[in-house]
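Notes follow once the structure below has been shown.
The values are calculated or read from the model by the stated rules, or taken from the named source; none is laboratory data. Everything numeric here is computed off the predicted structure, so don't read it as measured data. Virtual Cβ from ideal backbone geometry, glycine too; neighbours counted across all protein chains shown. The area values use the complete protein model at the heavy-atom level, side chains included, leaving out ligands, DNA and RNA. Shrake-Rupley method; radii C 1.70, N 1.55, O 1.52, S 1.80 Å.
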Amino acid sequence: MPHYRSVGEVPRKRHVQFRQPDGRLYAEELMGEEGFSSDSALLYHRELPTRIVKAEPVVSSDAELQPPDVLLPRHLRTHDLPSGPGDTDLVTGRSVLMGNATVRISYAAAVADSPLYRDADGDLLVYVEAGTGRLESVFGALDIGPGDYVVVPTGTTHRWVVTDGPLRALVVEARGHVTIPSQYLGKHGQVLEQSPYCERDFRAPDAPLLVDAGETDIVVRRRGRLTRYTYPSHPFDVVGWDGCLYPYALSIHDFEPVTGRLHQPPPVHQTFSGPGFVVCSFVPRLLDYHPDAVPVPYNHANVDSDEVLFYVGGDFTSRAGSGIGQGSISLHPGGFVHGPQPGSVEKALGRASTDELAVMVDTFAPLDLAPAAYDVEDADYPWTWARG
């Protein structure tokens, strides 16, 4: 995040003596990006955050990603994914669908609380489709619900608590950092007036979350492999922190769309940037108001990208007749020209508004597919443009 926050108890100066009621020094943890030359946070722990008493590998059956044999547009029905054995959580219960070297896209329908987790490979971007929950971390707690984007910085110890499940979510795992697009920021980091949101729209933990417990396990992901650390005490012992690096949430309902007399291109919907990908939000909005406007998207070929569109609510006018519905994911790979379904252009003429709600991830390298994608694929989808 570009703006500074201070939560809980912190001393007036950084890196000075700061003592607990029993006289012991609080233990500082400086969490910083890009070799401590970019955003950082300074956390004050009751116990040393470094003292592990055990470490062991975790056997994981990570999904194997492979390039598809045939270049096709695809429609995945995420609500048909199996829930998995036993209780499913937002960490161990993710169904990996696709990915490449810089990003991995999964779906989860969580009904149980997750273990403590730390992703050391990159930031997490989670979009909540349905259900409610709470992100608990060393920074504090953050309530989340339908429509929320939740960004968790690399290396943050956290867990996902389900308060009303299933907690359905699209999970985007970056191999790097998820940021606010540079065009929305002033030279000093303020979100600019012409941006589709402002600092008031972001929510972040506003109080410490203190847990007293004995030995505690944390699962850590690094280079795609999992390790379980055991600590003698619970990591949620931070009495205060400050800085510009912390988890936060942004509701898609607070994204203010740009409209015009003629159809606006996808970059006006951009919400986040990541390494090798962007995320866009399509929200209810007024449609184009030129008297001869064609208010649905034109046929298009994003020659540098694979386009992933997650449909999360409303009326998908341009996709009528394609089988797309709530919870659908469409994948339109580079090399395939795509656009509205036959007949939808004429039907849309004269419409004043749309109530569609969708999340788009455009990747700048081809996406490989996981076995779960084929399990829920609508095999009829590629041929729907030939109808009508």
Counting Lys and Arg as +1 and Asp and Glu as -1 over every other residue whose Cβ sits under 12 Å from the Cβ of Thr78, the net charge comes to -2
For the chain, dividing by residue count, accessible area per residue (probe 1.4 Å) in Å² works out to 46 Å²
Taking 0.36 nm per residue of separation between Asp315 and Leu286 and subtracting their Cα-Cα distance, the length gained on full extension comes to 9.1 nm
Residue separation between Ala55 and Ala352 times 0.36 nm, minus their alpha-carbon distance, gives in nm 101.0 nm
Sorted on mean Cβ neighbours within 10 Å (highest first), peptides 126-132, 43-49, 212-218 come out as 126-132, 43-49, 212-218
Partner aspartates and glutamates whose C-alpha sits under 12 Å from that of Lys13, ignoring same-chain residues fewer than 8 away, are Asp242
Of Glu256, Glu56, ordered by accessible area with the largest first and a 1.4 Å probe, the sequence is Glu256, Glu56
Put Asp304, Asp237 in order of accessible area, largest first, probe 1.4 Å, and you get Asp304, Asp237
Arg222 and His338 label points (each 7 Å along its Cα→Cβ direction) are spaced in nm at 3.7 nm
Heavy-atom accessible area with a 1.4 angstrom probe orders Trp241, Trp385, most exposed first, as Trp385, Trp241
Restricting to aspartates and glutamates and to Cα separations under 15 Å from Lys54, and discarding same-chain partners fewer than 8 apart, the set is Glu215, Asp217
To the nearest 20 debye, the chain has a Cα-centred charge dipole, built from +1 on Lys and Arg Cβ and -1 on Asp and Glu Cβ, of 640 debye
Between the residues Thr132, Leu76, Val53, the Cα farthest towards the positive end of the dipole of region 1-137, that dipole coming from +1 and -1 charges on the beta-carbon of Lys, Arg, Asp and Glu, is from Val53
With Rh as the Kirkwood radius over Cα pairs, the chain has Rg/Rh of 0.99
The percentage of the accessible area of region 331-379 (probe 1.4 Å, all protein chains present) made up of carbon and sulfur atoms, to the nearest whole number, is 58 percent
Expected unfolding gain across Glu64-Arg200 under the 0.36 nm per residue rule, minus the alpha-carbon gap, is 44.9 nm
If unit charges are put on Cβ atoms (+1 for Lys and Arg, -1 for Asp and Glu) and the dipole of the chain is taken about its Cα centre, the option from Leu331, Ala63, Tyr184 lying farthest towards the positive end turns out to be Tyr184
